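Colleague: Sending over a structure as C-alpha cells; questions will come in a sec.
The values are calculated or read from the model by the stated rules, or taken from the named source; none is laboratory data. Everything numeric here is computed off the predicted structure, so don't read it as measured data. Heads up, the Cβs are rebuilt from the backbone with ideal geometry, glycines too, and the neighbour counts pull from every protein chain shown. When the accessible area is computed, the model is the full protein with side chains, heavy atoms only, and any ligands, DNA or RNA have been set aside. Shrake-Rupley method; radii C 1.70, N 1.55, O 1.52, S 1.80 Å.
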Amino acid sequence: MVRKKLPIGIENFEEFSTENFYYVDKTLFIKELLQNWGKVNLFTRPRRFGKSLNMSMLKCFFGIGSEPMLFDGLKIMQEKSLCEKYMGKFPVISISLKSVDGLKYDSAVAALRTVIGNEAGRFRFLRESPELDVDDRNSYNQLVSVEAKGNSKYAMSDDALIDSLKTLSLLLEKHYGQKVILLIDEYDVPLDKAFRAGYYNEMVSLIRNLLGNALKTNDSLYFAVLTGCLRISKESIFTGLNNPKVHTISDLRYDEYFGFTDADVDELLEFYGLSSYKDMIRDWYDGYRFGDTDVYCPWDVINYCDELLAAPGTPPKNYWANTSGNDLVLRLLKKADQTTKDEVEELLNGGKITKKVSQELTYRDIEDSVGNVWSVLYATGYLTGRHVDQADADIFSLWIPNGEIHKLFYELVEDWFREVTQSDTERINRFCAAFPAGDMETVQEMLGDYLWDSISVRDTAVRRNMKENFYHGMLLGLLRSQGSWLVKSNAETGEGYSDISIQTPERLGIVIELKYADDGNLEKACGEALEQIEEKKYAEGLKRRGMKKIIEYGIAFCEKECMVVMA
C-alpha cells in the first residue's frame, strides 16, 4: 500500500482524495454550520490554521456537480439525512481575496476584478441558459469579458464590480432555481495590504460596497461564510446585516475545526510512525487556545513531520513564523515604554499578562496604541489566552503559546535591541572601545546599562544554554557595530569554540566567554569562563592568525545583572 503524502500547502479539498494526501477529518464542521444556522458566518483565525481548506471542503460538499466519492469514509457521510438534503444541491460562488494586492489602489482593484472574473468564468454555461434573458446574459458578459488589448485586465466597470457577487448570485439562482451559497476566504487581506501601501480608505469603501451588495441586499443568497484574521466591524464593512454570526478564536463553537487537536496529532504521528516525537511537537507547535480546545498549528506539524520522515532526528524549527512578515511584534517593541518592556519580558520568561482585548479592531486602529497591538497579536496567533473576568468578556490572560513563537520573540527582540542601540553611535562606540583598552569597569557598567534598557531572559523553564544564547546574541550585535573588526561567533580558535572572538586592524585579539549564573553567583561563573578559555586554548588560534596581543574576558549574567573580569 502506498503511504499517503503529507499535504504541505494543499488547500484544494479535491486533491486529498485524487492525489492520496493524508487528511485530518474536519467534515463535521459542515454539520455544525447547518445546525447553528446563520445567514452570514464570519470565522476569524490566524493564518495557516486551515481556513482555506475548510472553505474548499464546503464548496465540494454543497456545490452542484460535486463528487460524493470525495467524502467516502469521512465523518460527515454518517449523517445520511443531512447529506441527502444538502450534498451537491447548491450553486456555490467561492473566491479567495488573498491575492488582492498592489502597490497602488488601481492595481489592487485590477486584481479583485481578476479574482471575481475567474470565478464567474466557471459558469460560462450561463451564456446559453434558457432561464436567462438578453439583459441577464449581458450582465454576465460584463463579469467575464476582457479588454480587446489583452487578457491582463477584466473589462467590468466599477459599478459592475461592486454588484458582481450579487449579479452572479441572481443569475445562478435563475438558472438552477436554487439560492446560492457564497464563500469568501481571507476577506480582510485586501484591507491589510491597502493599509501597508497607503490606500486604505479607498479599499475600505470598495470592500464595504461589494460585501454590502452581496450579503445585505442579495435575495438570491442562501447563506455565506467568510474567513479572515481580524473582525473588521468598526469600519462598517457589515453594516445593516441581520445579526451576522462572528466566531472568533475565543468562542466555544467550532473550536476544534481549525487547527489540529491533540487527538488529531496522535493519529497522524501513529500513522507515520513518529509517535516518539510527540513531546517535542507539543512543546514547539501546541499551546494555542481556541474556545475550550488546545490546538496545534497544522502548518507546523505537517512540515516538521515531513522533515522527520526524510531525516529522523531533525530538530524543530520555525515554519509558521517564517511564512509572512512579523512586523506586528516589532511594532509593539518600537512603541514600548518601560511597562510594555516589562510585559514582553514577562512573556519571554514563560509568564502571563492580563490585557483588555478588542476583537473588533480595524487595521487603522493598530497604530493608535500599544494596547491595540496586544489585541492584534492575540487575534493573529502570536499570543494565545483565555477570558479571566466573568464580568468583562474583553479581559484576557495572554501568553506565548509554544517554543516556535518563543524563538520568534527572542529573535525579534534581538533585532529591535540592535536597531535601537546602533542608532546611538557615540554610546556604542564608547562601549566597544573599552574592550581593546582593557577597561573592564566601563565594559561592565555600560553592559549593565544596556541590560536594563533591554529585555532579559530569566525563565527557569528555559535551558541554561538558551539563556546564554540570548545574552550572546545581544553582545554580538553590539560588537558587530564596529565595521573594521572581524567578529566571529562560536568560531574555532583553539581546541574548541569560543563564544566570541575579535580581531582588530591593530592585530589585537579578544576572546570572550559567556556564562549564565543560575545561582546568581556571578563571580564564580566568571571564573569558570576564564578557566574554559585557558583549558581550551582559545587564544592560540588568534595568535596563529597574527594577533600580537590577546585580551581574555569572562562575562557572567543573571537576569539583568552582569559581571566582567579579565584574565
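Colleague: Which number in (1) out of contact with any strand residue (DSSP E or B) (no Cβ under 8 Å at 6 or more places or on another chain); (2) crowded, with 21+ Cβ neighbours inside 10 Å marks the one condition that V295 misses?
Modeller: (1)
Colleague: So, of the residues in the stretch 257-286 that are small (G, A, S) and farther than 22 Å from R47 by Cα, which turns out to be most open to solvent (accessible area, probe 1.4 Å)?
Modeller: Filtering the stretch 257-286 for residues that are small (G, A, S) and farther than 22 Å from R47 by Cα, the one most open to solvent (accessible area, probe 1.4 Å) comes out as S276.
Colleague: Confirm whether K104 is farther than 30 Å from F21 by Cα, within 33 Å of the chain's Cα centre (by Cα) and open to solvent by 10 Å² or more (accessible area, probe 1.4 Å).
Modeller: Answer is yes for this residue.
Colleague: List the number of the failed condition for D106; all other conditions in (1) acidic (D, E); (2) free of Cβ contacts under 8 Å to residues at least 40 places away in the same chain; (3) touching a strand residue (DSSP E or B) at 6+ places or on another chain (Cβ under 6 Å) hold.
Modeller: That leaves (3) as the condition not met.
Colleague: Next up: Suppose we filter the stretch 248-292 for residues that are touching a Leu at 6+ places or on another chain (Cβ under 7 Å) and not basic (K, R); how many remain?
Modeller: Within the stretch 248-292, residues that are touching a Leu at 6+ places or on another chain (Cβ under 7 Å) and not basic (K, R) number 6.
Colleague: Considering each residue of the stretch 187-216, count those that are under 22 Å from K51 (Cβ atoms) and open to solvent by 40 Å² or more (accessible area, probe 1.4 Å), and give that number.
Modeller: The qualifying residues number 4.
Colleague: Quick one: in the stretch 183-209, of everything that is in a helix (DSSP H, G or I) and hydroxyl-bearing (S, T, Y), which residue is farthest from D365 (Cα to Cα)?
Modeller: S205
Colleague: Just wondering, is there one or more residues in the stretch 394-415 that are open to solvent by 10 Å² or more (accessible area, probe 1.4 Å), among the aromatic types (F, W, Y), part of a loop (DSSP other than H, G, I, E, B) and closer than 30 Å to N322 by Cβ?
Modeller: no
Colleague: Run down I555, I550 and say which single residue is of a type outside the set (S, T, Y) and under 44 Å from the mean Cα position of the chain (by Cα).
Modeller: After ruling out the rest, the residue left standing is I555.
Colleague: Counting only residues that are surrounded by 15 or more Cβ atoms within 10 Å (Cβ to Cβ) and among the β-branched types (V, I, T), which one in the stretch 347-373 is farthest from I405 (Cα to Cα)?
Modeller: T362
Colleague: Now for a different question. Just checking, does the stretch 178-188 include any residue being farther than 23 Å from S66 by Cα, at pLDDT 90 or above and in contact with an Asp or Glu (Cβ under 8 Å, 6 or more places away or on another chain)?
Modeller: no
Colleague: While we're on this one: So which residues in the stretch 332-341 are open to solvent by 70 Å² or more (accessible area, probe 1.4 Å) and part of a helix (DSSP H, G or I)?
Modeller: If the condition is that a residue be open to solvent by 70 Å² or more (accessible area, probe 1.4 Å) and part of a helix (DSSP H, G or I), then K334, Q338, T339 are the ones that fit.
Colleague: Here's another thing I want to ask about it. Only one of (1) assigned to a loop (DSSP other than H, G, I, E, B); (2) over 20 Å from L215 (Cβ atoms); (3) open to solvent by less than 20 Å² (accessible area, probe 1.4 Å) fails for G38. Which number is that?
Modeller: Going through the list (1) assigned to a loop (DSSP other than H, G, I, E, B); (2) over 20 Å from L215 (Cβ atoms); (3) open to solvent by less than 20 Å² (accessible area, probe 1.4 Å), G38 breaks only (2).
Colleague: Give just the number: which of (1) in a strand (DSSP E or B); (2) modelled with pLDDT of 95 or more does K355 not satisfy?
Modeller: For K355, the failing item is (2).
Colleague: Also, I was wondering about something else. Which condition number does K51 fail, the rest of (1) out of contact with any Lys or Arg (no Cβ under 6 Å at 6 or more places or on another chain); (2) touching a residue at least 12 places away in the same chain (Cβ under 8 Å) being met?
Modeller: Condition not satisfied by K51: (1).
Colleague: Determine if the stretch 46-53 includes at least one residue that is open to solvent by less than 10 Å² (accessible area, probe 1.4 Å) and within 14 Å of I184 (Cα to Cα).
Modeller: Within the stretch 46-53, one or more residues are open to solvent by less than 10 Å² (accessible area, probe 1.4 Å) and within 14 Å of I184 (Cα to Cα).
Residues are listed down the side, and each one gets a yes or a no for (1) at pLDDT below 80; (2) of a type in the set (A, V, I, L, M); (3) more than 30 Å from L347 (Cβ to Cβ):
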residue	(1), (2), (3)
S423	no, no, no
I428	no, yes, no
P436	no, no, yes
T442	no, no, yes
M474	no, yes, no
S484	no, no, yes
D499	no, no, no
L514	no, yes, no
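Colleague: How about the stretch 418-434: which of its residues are more than 17 Å from G473 (Cα to Cα) and touching a helix residue (DSSP H, G or I) at 6+ places or on another chain (Cβ under 8 Å)?
Modeller: R427, R430, A434 - these are the residues of the stretch 418-434 that are more than 17 Å from G473 (Cα to Cα) and touching a helix residue (DSSP H, G or I) at 6+ places or on another chain (Cβ under 8 Å).
Colleague: I need the full set of residues from the stretch 540-562 which are assigned to a helix (DSSP H, G or I), closer than 17 Å to E506 by Cβ and open to solvent by 40 Å² or more (accessible area, probe 1.4 Å), in order please.
Modeller: K543
Colleague: Applying the selection to the stretch 505-539, what residues are part of a loop (DSSP other than H, G, I, E, B) and either open to solvent by less than 10 Å² (accessible area, probe 1.4 Å) or closer than 22 Å to L451 by Cβ (or both)?
Modeller: Once the filter is applied, which keeps residues that are part of a loop (DSSP other than H, G, I, E, B) and either open to solvent by less than 10 Å² (accessible area, probe 1.4 Å) or closer than 22 Å to L451 by Cβ (or both), the stretch 505-539 yields A517, D518, D519, G520, N521.
Colleague: Would you confirm, using the coordinates I've provided, whether F71 is open to solvent by less than 20 Å² (accessible area, probe 1.4 Å), among the aromatic types (F, W, Y), over 28 Å from D294 (Cα atoms) and over 28 Å from the mean Cα position of the chain (by Cα)?
Modeller: When the stated conditions are applied, F71 does not pass them.
Colleague: Separate question: Before we move on, is G438 among the small types (G, A, S), open to solvent by 20 Å² or more (accessible area, probe 1.4 Å) and in a helix (DSSP H, G or I)?
Modeller: No; evaluated as a whole, the condition is false for this residue.
Colleague: Here are some residues: P7, P91. Which one is under 16 Å from I184 (Cβ atoms) and crowded, with 17+ Cβ neighbours inside 10 Å?
Modeller: Answer to the check: P91.
Colleague: The conditions are (1) within 25 Å of Y272 (Cα to Cα); (2) open to solvent by less than 50 Å² (accessible area, probe 1.4 Å); (3) not polar (S, T, N, Q), and G313 fails exactly one of them. Which is it?
Modeller: Going through the list (1) within 25 Å of Y272 (Cα to Cα); (2) open to solvent by less than 50 Å² (accessible area, probe 1.4 Å); (3) not polar (S, T, N, Q), G313 breaks only (2).
Colleague: Oh, and also: Which residue out of V329, V376, V344 is surrounded by 15 or more Cβ atoms within 10 Å (Cβ to Cβ), in a helix (DSSP H, G or I) and in contact with a Cys (Cβ under 9 Å, 6 or more places away or on another chain)?
Modeller: So the residue among V329, V376, V344 that is surrounded by 15 or more Cβ atoms within 10 Å (Cβ to Cβ), in a helix (DSSP H, G or I) and in contact with a Cys (Cβ under 9 Å, 6 or more places away or on another chain) is V376.
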